[in-house]
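The values are calculated or read from the model by the stated rules, or taken from the named source; none is laboratory data. Please read these numbers as outputs of a predicted model, since none were measured by experiment. Neighbour counts run over all protein chains shown; Cβ positions are idealised from the backbone, glycine included. Side chains are part of the model used for accessible areas, which takes the heavy atoms of the whole protein and leaves out ligands, DNA and RNA. Shrake-Rupley method; radii C 1.70, N 1.55, O 1.52, S 1.80 Å.
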Amino acid sequence: MIGIVPLIDQLTLEQKIKNLPGPIFIFGASGFIGANMVEIISAVRDDYYASTHDSNVAWRLRLLNIPFDNIVHCDITSKFSVSNVFEKYNPKTVFNLAAYGAYSEQDDANLIHETNYLGTLNILQACHNVSAYVHAGTSSEYGINCEAPTESEVLQPNSHYAISKASSNYLIEYFAQFHHLPAVNLRLYSIYGKWEDPGRLIPRLIENIRKGHLPPFVSPLISRDFVYIDDCIEAFIDAALCITPEFSGQSFNIASEKKTTIGELVELCREIFDIRQEPVWNSMVNRSWDLQDWYGNSTKAKELLKWSGQTNLAEGLRKTLEWQDKVEYENIILPSFENKKSNRKITCIIACYKDDQAIPVMYERLVKMFSEIKIRYEIIFVNDNSPDNSEQVIEAICYSNPNVIGIKHSRNFGSQAAFLSGMEMATGDAVVLMDGDLQDPPEIIPAFYSKWIEGYDVVYGVRIKREMPFLMDLLYKTFYRIFSKMSYIKIPLDAGDFSLIDRKVVKELVKLTETEQFLRGLRAWVGFNQTGIPYHRPERMFGKSTNNWRGNIAWARKAIFSFSFLPLEFMSYLGVFLTGISFIAIIAQIILRLILPEVPQGFTTVIVLILFFGGVQILSISIIGEYISKIFEETKNRPKFIRTSIRKGKVFYNTAEKIKTYINEIQII
């Protein structure tokens with residue numbers, strides 16, 4: 001590392017990236033600077049990892065098509081989550097670009113300090129074998145001391161964001177001095193360029209210029225020190241290569257050293273882009289931290305890091321405009337930014353019983369699949385009072401990913417109740433119902449999703465082949481065909497619970513009050529636009545199936561008596577038929593007695609008839625009893641399930657009042 005320092009200014013950016021010790025870890029990879037870092041490094045190396053707290057809103061990474069294997073979910077405010085990441089990936093170069101509070105709408109003071117200070121502390125504590133730690137600081141650390149300050153000058157932060165970043169600076173000094181961590185803090189000035197939030201000054205200005213006019217502005221006297229994003233990324237890489245014990249723990253200003261007022265910026269744009277419109281000043285309210293003299297001094301970075309900005313403002317503005325043209329800014333970037341939290345979201349509900357080994361595999365396959373189709377997701381594991389280690393497994397997953405919810409039932413209510421329990425809490429635009437034993441392959445969901453996008457409200461899986469003994473497979477197929485003929489509604493053949501159901505259909509299903517629910521039948525009963533997707537149903541990956549003959553017969557009874565009146569009709573037809581036969585037999589007996597009076601009476605015939613009619617009566621009563629028992633069950637109006645706890649991310653709800661409050665909150669959403 002130290003040997004590279006004298007030569008660093010002679011290397012190309014690609015050569016510098018190749019010299020970074022790997023693996024390379026990028027915290028805050030879904031942000032503006034982080035996404036640019038990922039884009040540049042991914043073009044050169046494969047041993048990088050883009051860390052994001054919530055991939056659902058990581059619109060930049062989705063548009064960059066970053067492979068799933070290179071995206072890591074990590075909540076830096078959780079010491080447990082950070083430690084797990086470091087143990088698993090053992091990064092050597094760490095870029096910490098994670099931050100909260102830089103934008104005016106990010107005004108939660110507790111979250112600002114938790115993310116910027118506590119998050120930094122958790123990462124620094126995990127950096128045991130790291131070759132370089134480079135931190136994204138901010139010129140805001142100087143606060144009101146903002147006129148070209150040197151790094152040694154006093155910090156006078158004037159916002160929660162500035163205070164939290166200044167505090168992180170002292171953390172870095174401490175870990176470098178007393179834990180010998182090779183670390184530096186880069187105090188960034190006004191970074192601009194591709195992938196910046198569209199609401200920021202430069203992207204908004206260039207967007208309007210491409211349309212031939214100017215946006216509203218604050219005071220023309222407000223100043224900035226603009227640094228193009230590519231130069232900023234190179235500063236991070238130079239810092240990682242140049243860290244020495246002599247200046248480890250220190251801060252460096254990353255600035256152009258040029259004070260540019262908003263008035264000067266606008267005039268420059270009017271000149272290079274030939275805009276004739278006069279600007280309208282003070283048509284926007286100044287932010288509380290906007291200052292008239294805000295620019296930097298990067299002498300120290302030039303001397304020790306061999307870095308200086310290579311892109312002047314005019315060139316950077318042209319590059320930004322060219323990028324917006326290239327990426328179809330209005331058609332792709334703006335919708336992705338505006339809809340990063342409102343684009344379609346799928347909730348997977350997994351009914352779990354004796355599936356502790358399968359649950360982690362299911363989770364990994366689901367997250368990979370959702371990353372590939374670039375859609376927001378929510379995963380709900382419903383532990384139906386499983387006697388194995390499922391609860392601990394689900395807890396660990398929830399703790400590592402805020403998009404995962406764990407529900408625990410007070411007893412085993414069955415898979416149908418588990419699905420309904422999850423459906424009541426689902427916040428997605430559609431839900432996917434799955435068994436936890438991996439017999440419902442997550443890789444089929446993209447096909448479901450495609451049909452849903454086409455306009456289908458329900459997309460169900462059709463089991464064209466099952467990996468099971470021939471006899472069982474034959475019996476299943478036979479049952480579905482008999483059931484389809486008997487049912488008073490059209491039930492799809494070979495379709496189980498595995499399906500994607502639109503939210504409007506979910507609402508109708510949840511509203512149904514019947515206690516004993518057969519969801520695949522109710523799914524057909526509610527109607528809407530439905531279609532099927534064929535798939536091969538594999539064997540259970542772990543353990544033994546919880547299905548048995550008695551359970552399968554119970555399923556068949558539930559299905560038939562819930563969706564068919566044919567047994568009652570059969571009794572009626574049988575009664576008419578037997579009455580007719582009896583009437584004919586009476587006439588025949590009278591005739592025989594008249595013609596052949598000496599014919600002996602048949603004792604055997606009487607016994608057979610008694611047994612036959614007795615059997616028919618018992619069968620009839622049992623069929624009537626099945627229907628009456630369902631009526632009796634419904635009149636009890638018992639709850640379909642009882643939840644004992646809900647876990648969402650790191651938050652745990654374990655009392656009836658907390659659970660009720662949480663459910664009410666998400667149902668409002």
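Across segment 17-40, what is the total count of residues that are open to solvent by less than 10 Å² (accessible area, probe 1.4 Å) and either under 22 Å from Glu87 (Cα atoms) or within 25 Å of the chain's Cα centre (by Cα) (or both)?
11
Kindly establish whether Asp440 is touching a strand residue (DSSP E or B) at 6+ places or on another chain (Cβ under 7 Å), open to solvent by less than 30 Å² (accessible area, probe 1.4 Å), among the acidic types (Asp, Glu) and under 25 Å from Lys640 (Cβ atoms).
Yes: the conditions hold for Asp440.
Looking only at residues that are polar (S, T, N, Q) and at pLDDT 85 or above in segment 404-435, which one is nearest to the chain's Cα centre (by Cα)?
Here the answer is Ser421.
Can Ala162 be described as crowded, with 23+ Cβ neighbours inside 10 Å, free of Cβ contacts under 8 Å to residues at least 40 places away in the same chain and under 35 Å from the mean Cα position of the chain (by Cα)?
no
Give me a count of the residues in segment 223-252 that are assigned to a helix (DSSP H, G or I) and out of contact with any helix residue (DSSP H, G or I) (no Cβ under 8 Å at 6 or more places or on another chain).
Residues flagged as assigned to a helix (DSSP H, G or I) and out of contact with any helix residue (DSSP H, G or I) (no Cβ under 8 Å at 6 or more places or on another chain) within segment 223-252 amount to 2.
Confirm whether Ser78 is of a type in the set (Ser, Thr, Tyr), at pLDDT below 90 and under 23 Å from Tyr170 (Cβ atoms).
yes
Answer with yes or no whether Ala98 is out of contact with any Leu (no Cβ under 7 Å at 6 or more places or on another chain) and open to solvent by less than 20 Å² (accessible area, probe 1.4 Å).
Against the criterion (out of contact with any Leu (no Cβ under 7 Å at 6 or more places or on another chain) and open to solvent by less than 20 Å² (accessible area, probe 1.4 Å)), Ala98 qualifies.
Hey, can you tell me all the residues within segment 56-105 that are assigned to a loop (DSSP other than H, G, I, E, B), more than 22 Å from the chain's Cα centre (by Cα) and in contact (Cβ under 8 Å) with a residue 12 or more places away in the chain?
Passing the criteria: Asn90, Pro91, Lys92, Gly101, Ala102, Tyr103, Ser104.
Kindly indicate whether any position in segment 618-626 is open to solvent by less than 50 Å² (accessible area, probe 1.4 Å) and either modelled with pLDDT of 80 or more or under 20 Å from Val382 (Cα atoms) (or both).
Checking segment 618-626: not a single residue is open to solvent by less than 50 Å² (accessible area, probe 1.4 Å) and either modelled with pLDDT of 80 or more or under 20 Å from Val382 (Cα atoms) (or both).
Would you check if Arg318 is modelled with pLDDT of 95 or more and either touching a Pro at 6+ places or on another chain (Cβ under 6 Å) or not in a loop (DSSP other than H, G, I, E, B) (or both)?
In short, yes.
Out of segment 418-434, which residues are in a loop (DSSP other than H, G, I, E, B) and under 10 Å from Val510 (Cβ atoms)?
Result: Ala426, single match.
Kindly list the number of the only condition in (1) open to solvent by 10 Å² or more (accessible area, probe 1.4 Å); (2) in a strand (DSSP E or B) that fails for Pro216.
Only one criterion is unmet by Pro216, namely (2).
Counting just the residues of segment 41-55 that are at pLDDT 85 or above and assigned to a loop (DSSP other than H, G, I, E, B), which one comes out surrounded by the most Cβ atoms within 10 Å (Cβ to Cβ)?
Asp47
Does segment 163-187 hold any residues that are within 20 Å of Ile144 (Cα to Cα) and part of a helix (DSSP H, G or I), and which are they?
Within segment 163-187, Ile163, Ser164, Lys165, Ala166, Ser167, Ser168, Asn169, Tyr170 qualify.
Quick check on segment 347-358. Is at least one of its residues assigned to a helix (DSSP H, G or I), without any contact (Cβ under 8 Å) to a residue 24 or more places away in the chain and over 19 Å from Trp452 (Cβ atoms)?
Within segment 347-358 (the criterion being assigned to a helix (DSSP H, G or I), without any contact (Cβ under 8 Å) to a residue 24 or more places away in the chain and over 19 Å from Trp452 (Cβ atoms)), the answer is no, since none of the residues qualifies.
If the Cβ limit is 8 Å and pairs must be 6+ apart or interchain, which residue in segment 408-429 that is farther than 28 Å from Tyr449 by Cβ pairs with which residue that is among the β-branched types (Val, Ile, Thr) and open to solvent by 10 Å² or more (accessible area, probe 1.4 Å)?
Pairs that qualify, where the first residue is farther than 28 Å from Tyr449 by Cβ and the partner is among the β-branched types (Val, Ile, Thr) and open to solvent by 10 Å² or more (accessible area, probe 1.4 Å), are Lys408/Thr644; His409/Ile642; His409/Thr644; Ser410/Ile642; Ser410/Thr644; Arg411/Ile642; Phe413/Ile642.
Working only within segment 253-267, note down all residues that are in a helix (DSSP H, G or I) and open to solvent by 30 Å² or more (accessible area, probe 1.4 Å).
Glu264, Glu267
Has segment 181-198 got at least one residue that is farther than 25 Å from Val154 by Cβ and open to solvent by 50 Å² or more (accessible area, probe 1.4 Å)?
Among the residues of segment 181-198, not one is farther than 25 Å from Val154 by Cβ and open to solvent by 50 Å² or more (accessible area, probe 1.4 Å), which makes the answer no.
Looking only at segment 130-159, which residues are open to solvent by 20 Å² or more (accessible area, probe 1.4 Å) and part of a strand (DSSP E or B)?
If the condition is that a residue be open to solvent by 20 Å² or more (accessible area, probe 1.4 Å) and part of a strand (DSSP E or B), then Glu147, Gln156 are the ones that fit.
How many residues are touching a residue at least 40 places away in the same chain (Cβ under 8 Å) and either touching a Pro at 6+ places or on another chain (Cβ under 7 Å) or among the hydrophobic types (A, V, I, L, M, F, W, C) (or both) when one looks only at segment 144-159?
3
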